[in-house]
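Q: Handing you this structure, nothing more for now.
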Amino acid sequence: MIKVESLTIFEFRGIRELTLSLNRKNFAVCGPNGTGKSGVVDALEFVLAGTISRLTGKGRGDLSVKVHGAHVDFQEAPEKAFVEAVVWIPSLNKTVMARRTVKAPSALKLTPDSPEARAVFRQLEAHPEIALSRREIIRFVLAEPGQRAKDVQALLKLDELELLRTRLQKIANAAESTRKRTVTDRDTAGVDLARAMDIAATTEPQILEAANCPSSDDLGHSAKFRSGGSGPSGVRG
Ligand SMILES: Nc1ncnc2c1ncn2[C@@H]1O[C@H](COP(=O)(O)OP(=O)(O)OP(=O)(O)O)[C@@H](O)[C@H]1O
Ligand SMILES: [Mg+2]
């Protein structure tokens, strides 16, 4: 979790130049259509995660951060279009300034730089779902109930978790059928053993008794068994 102290946007999307003092507080952006509300959200996502989800992914056609991230007047100079955010990282109790240019979104500049602060931003890059667009929210609202869980997974970039779940389910199913087969084999072996020893059940005392104190009947049976006649396991003498 991080909190934003301030956000500076320069020639980014439809915004020419803007600094917002957010002071680690929640905020709402409101205004008439086309005044740059989405631009502010895009800028925040861009500086934190290095992407603009509105311009990337499924259904975005030939939109791209490289071409459409900078203000149209700065498309030829994307290195000059940038977003800066001063953020407070509570877990480190540190304030850092992050900066990205449209030319090299993945080249995050941190001041002051440190491996710990970079790790926090790597986490944000891996989870750019910090920004949900209206389109994504509408997709979620309109999703068929059976499809909704999948859509939420996609929104939260949990598709990989679903893959892992499917794989684990396959392993569990295979293990379960091996277990069932083994139980059947064990039961069949028990029945065969009981028949061969002429006992009612293959409990340890019954097996021991039949093996150690064979009755005259048993002797005849064992003799037959040993000669390879009727024993299912076919032990031959
Ligand atoms: N790369 C760009 N270069 C120049 N202008 C742009 C760029 N990207 C967006 N704009 C323009 O910036 C303006 C603000 O767009 P934005 O989508 O941020 O407005 P908005 O307040 O979110 O609007 P809405 O209420 O319709 O969602 C629009 O006129 C848009 O066409
Ligand atoms: Mg908008």
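The values are calculated or read from the model by the stated rules, or taken from the named source; none is laboratory data. None of these values were measured; they are calculated from a predicted model. In this analysis, Cβ positions are derived from the backbone assuming ideal geometry, glycine residues included, and neighbour counts consider all displayed protein chains.
Q: Test of understanding: among Phe82, Phe27, Phe74, which residue is buried (at least 20 other Cβ atoms within 10 Å of the Cβ) and aromatic (Phe, Trp, Tyr)? Spell out how you get there, then give the answer.
A: Details: Phe27 fails: buried (at least 20 other Cβ atoms within 10 Å of the Cβ); Phe74 fails: buried (at least 20 other Cβ atoms within 10 Å of the Cβ).
Only one candidate passes the filter, namely Phe82.
Q: Determine which member of the set Glu84, Glu45 is farther than 29 Å from Arg139 by Cβ and either in the same structural domain as Leu7 (by TED's automatic domain parsing) or not basic (Lys, Arg) (or both).
A: Values: Glu45 fails: farther than 29 Å from Arg139 by Cβ.
Residue meeting the stated conditions: Glu84.
Q: Still on this structure: Taking the condition of being touching a residue at least 40 places away in the same chain (Cβ under 8 Å) and either acidic (Asp, Glu) or not in a loop (DSSP other than H, G, I, E, B) (or both), how many residues in segment 44-67 meet it?
A: 9
Q: Then there's this: Is it fair to say Thr19 is of a type in the set (Ser, Thr, Tyr), within 13 Å of ligand 2 (Cβ to nearest atom), more than 33 Å from the chain's Cα centre (by Cα) and assigned by TED's automatic domain parsing to the domain that holds Leu124?
A: Values: of a type in the set (Ser, Thr, Tyr): yes; within 13 Å of ligand 2 (Cβ to nearest atom): no; more than 33 Å from the chain's Cα centre (by Cα): yes; assigned by TED's automatic domain parsing to the domain that holds Leu124: yes.
So Thr19 fails the test.
Q: Ok, one more. Name every residue in segment 36-51 that is touching a strand residue (DSSP E or B) at 6+ places or on another chain (Cβ under 9 Å) and more than 9 Å from ligand 1 (Cβ to nearest atom), in order of residue number.
A: Let us first name the residues in segment 36-51 that are touching a strand residue (DSSP E or B) at 6+ places or on another chain (Cβ under 9 Å), namely 36, 39-40, 42-44, 46-48, 50.
Ala43, Leu44, Phe46, Val47, Leu48, Gly50, listed by residue number.
Q: Show me the helices (runs of 4 or more DSSP H) entirely contained within segment 78-194 in which 2 or more residues are among the polar types (S, T, N, Q) and within 25 Å of the chain's Cα centre (by Cα). If you could, list the steps in order and put the result at the bottom.
A: Values: elements: 115-126, 134-142, 145-155.
Result: 145-155.
Q: Further question: Would you pick out the residues in segment 26-43 that are of a type in the set (S, T, N, Q) and assigned to a loop (DSSP other than H, G, I, E, B)? Reasoning before the result, please.
A: As a first pass, look at segment 26-43 and keep what is of a type in the set (S, T, N, Q): 26, 33, 35, 38.
Within segment 26-43, Asn26, Asn33, Thr35 qualify.
Q: Please go through segment 15-35 and pick out each residue that is closer than 22 Å to Glu79 by Cβ and either touching a strand residue (DSSP E or B) at 6+ places or on another chain (Cβ under 6 Å) or at pLDDT below 95 (or both).
A: Start the filter on segment 15-35 by keeping residues that are closer than 22 Å to Glu79 by Cβ, which leaves 15-19.
Selection gives Ile15, Glu17, Leu18, Thr19.
Q: Which numbered condition in (1) touching a Lys or Arg at 6+ places or on another chain (Cβ under 8 Å); (2) closer than 15 Å to Val102 by Cβ; (3) within 16 Å of ligand 2 (Cβ to nearest atom) is the only one that Val47 fails?
A: Status for Val47: all satisfied but (3).
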